[in-house]
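See structure below.
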Amino acid sequence: QKEVEQNSGPLSVPEGAIASLNCTYSDRGSQSFFWYRQYSGKSPELIMFIYSNGDKEDGRFTAQLNKASQYVSLLIRDSQPSDSATYLCASQMDSSYKLIFGSGTRLLVRP
Amino acid sequence: DAGVTQSPTHLIKTRGQQVTLRCSPKSGHDTVSWYQQALGQGPQFIFQYYEEEERQRGNFPDRFSGHQFPNYSSELNVNALLLGDSALYLCASSLGSTGSGMNTEAFFGQGTRLTVV
């Protein structure tokens, strides 16, 4: 079992819709969670992080964390074609410095 | 404000050779982590340097080594290159003094694409 799992996609949504990206993790010691966006051939770009149960909003992005279900999600409101990219979910344990990444979900926003 | 910079951007090496990749962290950051990203996969942690010491290492063989300089810049060295070492090598900088697991935001450089032939 992978430590951080994501559906590889592609997830296809029409422009203006809400895109919902999901991530599950196996280690209950994971404390912090990060969402990165990666365009093809480019490096990952940090979108936001979350470490408390509940929702965290930043502009069009909302991260949701449910530690009981070991589940993290990222909602993108009013999706734009420029949001088309691979979204990487990463976890970090309290006792560790490393980020553990999932394989990413490819998002395609159709004009 | 300069972000994380890496050099070179692309590199082609032959099996058995050695390679050195370089990274300068974001201004104000003192910690450098190195990741390897194979095609279609998420980045995998190689190691992290803080205060010129390796303070955590991932599951990579000893062929992978590194160094951090007093100005916080870092090098990743890979010896005896294998075809399987072909990947995007990413450097991430962060503030190390916040401690482990405390939402230590890491910012990535543009990466070095290494091809081993």
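Key figures
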{"item": "Number of the exception - residue A:52 against (1) modelled with pLDDT under 95; (2) in a strand (DSSP E or B); (3) more than 23 Å from residue B:31 (Cβ to Cβ)", "result": "(2)"}
{"item": "Test: residue in region A:43-59 that is within 13 Å of the chain's Cα centre (by Cα), surrounded by 16 or more Cβ atoms within 10 Å (Cβ to Cβ), closer than 29 Å to residue B:93 by Cβ and touching a residue at least 60 places away in the same chain (Cβ under 8 Å)", "result": "no"}
{"item": "Conditions (1) of a type outside the set (Gly, Ala, Ser); (2) modelled with pLDDT of 95 or more; (3) under 30 Å from residue A:86 (Cα atoms); number of the one not met by residue B:56", "result": "(2)"}
{"item": "Residue match in region B:19-34 (condition: open to solvent by 70 Å² or more (accessible area, probe 1.4 Å), among the hydrophobic types (A, V, I, L, M, F, W, C) and over 10 Å from the mean Cα position of the chain (by Cα))", "result": "no"}
{"item": "Qualifying residue in region A:62-76 (condition: within 12 Å of chain B (Cβ to nearest Cβ), open to solvent by 50 Å² or more (accessible area, probe 1.4 Å) and assigned to a loop (DSSP other than H, G, I, E, B))", "result": "no"}
{"item": "Strands (runs of 3 or more DSSP E) lying entirely in region B:1-55 (those with 3 or more residues that are touching a residue at least 60 places away in the same chain (Cβ under 8 Å))", "result": "B:5-7, B:10-13, B:19-24, B:31-37"}
{"item": "Filtered residues of region A:6-36 (kept if within 11 Å of chain B (Cβ to nearest Cβ) and either part of a strand (DSSP E or B) or within 18 Å of residue A:110 (Cβ to Cβ) (or both))", "result": "A:23, A:30, A:31, A:32, A:33, A:34, A:36"}
{"item": "In region B:23-37, the residues that are facing chain A (nearest Cβ under 10 Å) and not polar (S, T, N, Q)", "result": "B:35"}
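The values are calculated or read from the model by the stated rules, or taken from the named source; none is laboratory data. Keep in mind that this is a model prediction, so the values were computed, not measured. Counting neighbours? That spans all protein chains shown, and the Cβs are built from the backbone with ideal geometry, glycine included. Ligands, DNA and RNA are excluded from the accessible area calculation, which covers all protein heavy atoms including side chains. Shrake-Rupley method; radii C 1.70, N 1.55, O 1.52, S 1.80 Å.
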